[in-house]
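Just below is one structure, and these are the notes that go with it.
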Amino acid sequence: MSKNKDWNKIAGFLLIAGGLNWGLIGFFGFNLVEALTGPLARFVYMAVGIAAVSKIFNGKNGD
């Protein structure tokens, strides 16, 4: 599998996880990322942001 396809899968996972986390925050006031990662949450948020920008520029399939 190519690196681009691998990154596309990772980016997709990060975006789904980020969306679910925001849903938990909105509905229940619970931040799962901070609960799981503690002080490293900032880096998780940065990875989700990078994944979002990557998806914007690379499209659905990363082509």
Rounded to one decimal in nm, the spacing of the 7 Å Cα→Cβ label points at Ile16 and Ala35 is 2.0
Once normalised by the length of region 3-58, the mean sequence separation of its alpha carbon contacts under 8 Å that are 6 or more apart gives a contact order in percent of 44
Per the rule of 0.36 nm per residue minus the C-alpha distance, extending Ala47 to Phe27 adds in nm 4.9 nm
Helix 3-28 sits off the longest principal axis of the Cα atoms of the chain, rounded to the nearest 10 on a 0 to 90 degree scale, by 20
Calculated from DSSP helices alone, with each H run of at least 4 adding -39500 (n - 2.57) and the total divided by the residues of the chain, [θ]222 nm to the nearest 500 comes to -26500 deg cm²/dmol
Diffing region 48-59: the Karplus 3J(HN,Hα) column from phi (6.51, -1.76, 1.60, θ = phi - 60°), in whole Hz with x for Gly and Pro, holds 5, x, 5, 4, 5, 5, 4, 5, 4, 7, 9, x
The size of the Cβ-based charge dipole (Lys, Arg +1; Asp, Glu -1) of the chain about the Cα centre, to the nearest 20 debye, is 180
Projected onto the charge dipole of the chain (unit charges on the beta-carbon of Lys, Arg, Asp and Glu, signs +1, +1, -1, -1), the Cα from Gly49, Gly12, Phe30 with the largest positive-side position is that of Gly12
Here the Kirkwood hydrodynamic radius of the chain, Cα-based and in Å, equals 12.4
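None of the figures in this text is laboratory data; all of them are computed from the coordinates on show. Here the structure is a predicted model, which means the values were calculated and not measured. Positions of Cβ are generated from backbone atoms using ideal geometry, with glycine treated the same way; all protein chains shown enter the neighbour counts.
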